[in-house]
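Take a look at the structure set out below.
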Amino acid sequence: MSATSYAVVWPRSAKSVQVKPLAPRLDTLDGKTVAFLWDELFRGDEIWPMLKEQIAGRYKDVKFVDHDAFGSTHGDEEHKVLAELPDKIRALKVDAIVSGMGC
């Protein structure tokens with residue numbers, strides 16, 4: 001029996017961005033501002049209030065910025081929302097972000 005060769009194409013493209021190190025973790029959320037980002041696809045309207053309640057119960061001096069301050073991270077405005085995100089994060093003095101997406 002002879003071996004047959006077949007051309008194979010890898011399904012993933014070449015990497016287009018270099019991996020960067022992660023930002024250092026915060027040691028606490030006390031005195032910090034936490035923002036929520038959402039793509040408006042899966043139950044964020046139910047989940048964000050529960051998360052806020054739990055976080056506020058553990059960290060007494062935490063502040064929140066709701067997802068509507070940024071806009072949806074999915075859909076026809078997502079490119080604009082993401083382009084404006086760094087400036088909004090700085091302007092709102094956000095220290096940490098919880099980003100939710102629907103599956």
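For region 59-75, the candidate set comprises residues that are in a loop (DSSP other than H, G, I, E, B) and surrounded by 16 or more Cβ atoms within 10 Å (Cβ to Cβ); within that set, the residue that is modelled with the highest pLDDT is 62.
Each row is one residue, and each column tells you yes or no for (1) of a type outside the set (A, V, I, L, M); (2) modelled with pLDDT of 90 or more; (3) outside any strand (DSSP E or B).
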position	(1), (2), (3)
1	no, no, yes
7	no, no, yes
35	no, yes, no
40	yes, no, yes
48	yes, no, yes
54	yes, yes, yes
57	yes, yes, yes
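Annotation: residue 14 fulfils all but one of (1) touching a helix residue (DSSP H, G or I) at 6+ places or on another chain (Cβ under 9 Å); (2) exposed (fewer than 10 other Cβ atoms within 10 Å of the Cβ); (3) not β-branched (Val, Ile, Thr); the unmet one is (1).
Among the residues of region 20-48, how many are of a type in the set (D, E, K, R), without any contact (Cβ under 8 Å) to a residue 24 or more places away in the chain and more than 19 Å from residue 82 (Cα to Cα)? Lay out the reasoning, then the answer.
Restricting attention to region 20-48, the residues satisfying the condition of being of a type in the set (D, E, K, R) are 20, 25, 27, 30, 32, 39-40, 43, 45-46.
Then drop every residue that is not without any contact (Cβ under 8 Å) to a residue 24 or more places away in the chain, which leaves 20, 25, 27, 45-46.
Remaining after also requiring more than 19 Å from residue 82 (Cα to Cα): 25, 27, 45-46.
The qualifying residues number 4.
Whenever a residue of region 78-92 is of a type outside the set (A, V, I, L, M, F, W, C), its partners that are outside any helix (DSSP H, G or I), lying with C-beta atoms within less than 7 angstrom and at least six residues away or across chains, give the pairs 78/72; 88/70.
The values are calculated or read from the model by the stated rules, or taken from the named source; none is laboratory data. Everything quoted here is computed from the prediction, not taken from an experiment. When we count neighbours, we look across all protein chains shown, and the Cβ atoms used for this are built from the backbone with ideal geometry, even at glycine.
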